[in-house]
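This report concerns only the one structure given below.
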Amino acid sequence: MVKNKKDEQLEQFRVDDRNQKMTTNQGVKVSEDEFSLKAGLRGPTLLEDFHFREKMTHFDHERIPERVVHARGFAAHGEFELYESMERYTKASFLCDTSIKTPVFVRFSTVVGSRGSAETVRDVRGFATKFYTQEGNYDLVGNNIPVFFIQDAIKFPDLVHAIKPEPHNEIPQASSAHDTFWDFLVNNQEASHMVMWLMSDRAIPRSFRMMEGFGVHSFRFVNEQGVAHFVKFHWKPLLGAHSLVWDEAQKISGKDPDFHRRDLYDAIEKGDFAEYELGVQILAEEDEFTFDFDVLDATKIWPEEDVPVKLIGKMTLNRNVDNVFAETEQVAFHAGNVVPGIDFTNDPLLQGRLFSYTDTQLIRLGGPNFHELPINRPVCPFNNNQRDGYGRMTINKGPVSYHKNSLADNTPATSSAEEGGFEHYQEKIEGRKIRNRSDSFRDHFSQATLFWNSMSDAEKTHITDAFIFEVGKVKSQSVKQQVVDTIANINVDLAKVIADSIGTKPPTGNGSDVTKASPALSQENMVKKPNTRKVGVIASRAGDMNELQNTVQELKEAMLNVEIISDKLGSIGELPIDHTFLTTDPVLFDAIFVASMSEDKKFKKESDRYVMEAFNHFKAIGASSSATAILVGKEGSPGVVNSGEGTAFVDAVTAHRHWTREV
Ligand code: HDD
């Protein structure tokens, strides 16, 4: 079923090869696809075998360069619906007319790792959305962290060189835990705020479906009257933002390197669509200078308590791609793709991005016609005088390909603003050409401290441990010391604990006097829901079948996803066994419930391993009355529940993690 205008467009390009005859790319039917053409049964292969040549040549050219950053990604289609008209602020029609459902395509990614790297590494996540609006494509190319490492795009190549694997040995893959990254931080302290986020739980999300998204920069909304407001964009997941535990994340990297894409793909296939509300923080132009930071500085947030986030619509990701290469790999995002009503600011990071994205697509997608690829095409008409180039698909008719002309009545014609033409916001600019930055960009620590102050105790522990893990892997004693001294500017006690663990001298410096906190920054304060949480139910064939059936039923009614684990595949009564102890792992579940035990020693040992691992990762653990023996030594611990306690197990799963548990 074709779902929307974008889907309708893609449908024209879909091909189903099933039940078709095999042909060459020239349409000639192929008679033999097993053996190349040879001179004699044991003779050499002949050059005239055009089918062999074509098949091999195409294969030899199957790969394209991976993205220089954000190489590992996964995407889905969906729709955006508006709650209320924003016409007071913007003339973008998809944000004014609540009857419009805008098709979207969203690609999530890690930043540092190469295309085949694991997905649960400690990293920023890309959250790039293409809105196929009736006025052209609008791309919101954001991350799951609201700030960035640097203030000026000229430093982006340096940042990426420092965080990617070190060039002399290409180690480590997909990780910031190495000398060059931390050397970058201490010599470019504008990264301090972002590094606090990177060391926090935000960098190890539980799921793409449980992750916030941010446009990061201040953009501009411009309304029909030409009045502008600054705006920051947020995506708020309806399931709340939640994270893995670092030890668990590392183990998942081995057990299931595809953990995040599998989660999103499976959820969509099941009909558990990923949902996010679009939020905007809006600031009048005259309030530009009311903060103790510069609104053009991408290393700063606008605290939600100071500038509330207004939720204006909802995005639902409801369809997986048909072909990952054609869609996810060939999609070309660009922070510069805007529509009338949305405009840029002078944020020097944003300004530089406006150059980089088209430039990178030219090398990655091999020429200037990548906008014609099905996934990149706008759903509204597009006509201009651009012509030719590699891979051109459009057949432009007629002799005229220039403006102005009389032979085609001066068409394609430009449009006035009233007719929907994009007119850049007429911001007044004055100044000297200068290579420097404003003094208002020089405070690199206050918001890093604000972030630290806003964390719960558990989150602070995770950040501390993450610093010790990462900086502890740095080989240079000098860099380690400089990191400790840099962190002292954020919080001196944090710096002291790190110093004590990684063998440096205690920090010099007195710390920060920022006492402000922003509760909205803590994931502990976010909505928590049971929906789609994955429970591994351990069951033995010898157990009570009816009890198992009832347990599974109850958990499913509570919106949890249940998978049955046993020693062998097969079924227990009517219920199929989804995994053996070996084909899955406790790190792949949100909670473990032991429904029944077996006398078999190996079964017991494996069940103990599952329960222990879940316990160590602060997950909910439950057992039926016949299996409570498995909880011995853990009873009374937060999130450990036996079945006599009603909905307690579901509540324990809903709580996400039980950080006060002593492990
Ligand atoms: Fe970028 C890709 C997000 C700064 C240059 N970026 C890329 C993607 C995301 C972001 C989500 C992946 C898009 C996809 O899935 O295809 N980038 C950001 C954010 C930034 C940011 C939120 C800061 C606020 N980026 C940034 C700077 C530059 C770039 C400062 C260079 C001046 N980014 C690129 C790029 C990439 C890219 C080299 C690599 C692949 C691509 O564009 O398509 O152009």
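The values are calculated or read from the model by the stated rules, or taken from the named source; none is laboratory data. The structure presented is a predicted model; accordingly, all values stated were derived computationally and were not measured. Neighbour counts run over all protein chains shown; Cβ positions are idealised from the backbone, glycine included. Surface accessibility is based on the protein's heavy atoms, side chains included, excluding ligands, DNA and RNA. Shrake-Rupley method; radii C 1.70, N 1.55, O 1.52, S 1.80 Å.
Looking at Val492, is it farther than 28 Å from Phe219 by Cβ and surrounded by fewer than 20 Cβ atoms within 10 Å (Cβ to Cβ)? Don't jump to the end; show me each part of the working.
Details: farther than 28 Å from Phe219 by Cβ: yes; surrounded by fewer than 20 Cβ atoms within 10 Å (Cβ to Cβ): yes.
Judged against the criteria, Val492 is a match.
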What residue, among those in the stretch 129-145 that are within 9 Å of the ligand (Cβ to nearest atom) and open to solvent by 10 Å² or more (accessible area, probe 1.4 Å), is nearest to Ala177 (Cα to Cα)?
Asn143
Six or more apart or on different chains, Cβ under 8 Å: which pairs go from a residue in the stretch 54-74 that's away from the ligand (no atom under 16 Å from the Cβ) to one that's of a type in the set (Ser, Thr, Tyr)? Could you list them?
Glu54/Thr24
Under 7 Å between Cβ atoms, which residue pairs at least 6 apart in sequence (or on different chains) link something in the stretch 422-450 that is within 29 Å of Gly341 (Cβ to Cβ) with a partner that is outside any loop (DSSP other than H, G, I, E, B)?
His424/Asp343; Tyr425/Arg220; Tyr425/Val222; Tyr425/Ala228; Tyr425/Asp343
So, in the stretch 269-282, how many residues would count as being open to solvent by 10 Å² or more (accessible area, probe 1.4 Å) and either within 16 Å of the ligand (Cβ to nearest atom) or in contact with a strand residue (DSSP E or B) (Cβ under 6 Å, 6 or more places away or on another chain) (or both)?
4
If Asn169 meets every condition in (1) more than 10 Å from the ligand (Cβ to nearest atom); (2) in a loop (DSSP other than H, G, I, E, B); (3) in contact (Cβ under 8 Å) with a residue 60 or more places away in the chain apart from one, which number is that one?
(3)
Residue by residue through the stretch 308-330, note down the ones that are part of a loop (DSSP other than H, G, I, E, B) and either open to solvent by 40 Å² or more (accessible area, probe 1.4 Å) or under 30 Å from Val227 (Cα atoms) (or both).
Pro308, Val309, Asp322, Asn323, Val324
All positions within the stretch 410-457 that are polar (S, T, N, Q), over 30 Å from Ser93 (Cα atoms) and part of a loop (DSSP other than H, G, I, E, B):
Asn436, Ser438, Ser456
Go through the stretch 108-128 residue by residue and tally those that are near the ligand (Cβ under 9 Å from one of its atoms), over 15 Å from Asn337 (Cα atoms) and either among the small types (Gly, Ala, Ser) or touching a residue at least 60 places away in the same chain (Cβ under 8 Å) (or both).
6
Phe74 passes all but one of the listed conditions (1) part of a loop (DSSP other than H, G, I, E, B); (2) under 29 Å from His371 (Cβ atoms); (3) among the hydrophobic types (A, V, I, L, M, F, W, C); the exception is number (1)
Mind telling me which of the residues Phe382, Phe293, Phe333 ends up being away from the ligand (no atom under 16 Å from the Cβ) and either part of a loop (DSSP other than H, G, I, E, B) or not assigned by TED's automatic domain parsing to the domain that holds Ser218 (or both)?
Phe382
Pull up the stretch 146-155, narrow it to residues that are in a helix (DSSP H, G or I) and buried (at least 18 other Cβ atoms within 10 Å of the Cβ), then point me to the one that is farthest from the ligand (Cβ to nearest atom).
Lys155
Give all pairs with beta carbons closer than 6 Å in which a residue from the stretch 405-421 that is not assigned by TED's automatic domain parsing to the domain that holds Ser93 meets a residue that is hydroxyl-bearing (Ser, Thr, Tyr) and modelled with pLDDT of 95 or more; count only pairs at least 6 apart in sequence or on separate chains.
Gly421/Ser415
Would you mention how many residues in the stretch 19-59 are among the basic types (Lys, Arg) and open to solvent by less than 100 Å² (accessible area, probe 1.4 Å)?
1
Boolean, Asp493 is of a type in the set (D, E, K, R), outside any loop (DSSP other than H, G, I, E, B) and under 18 Å from His193 (Cα atoms)
yes
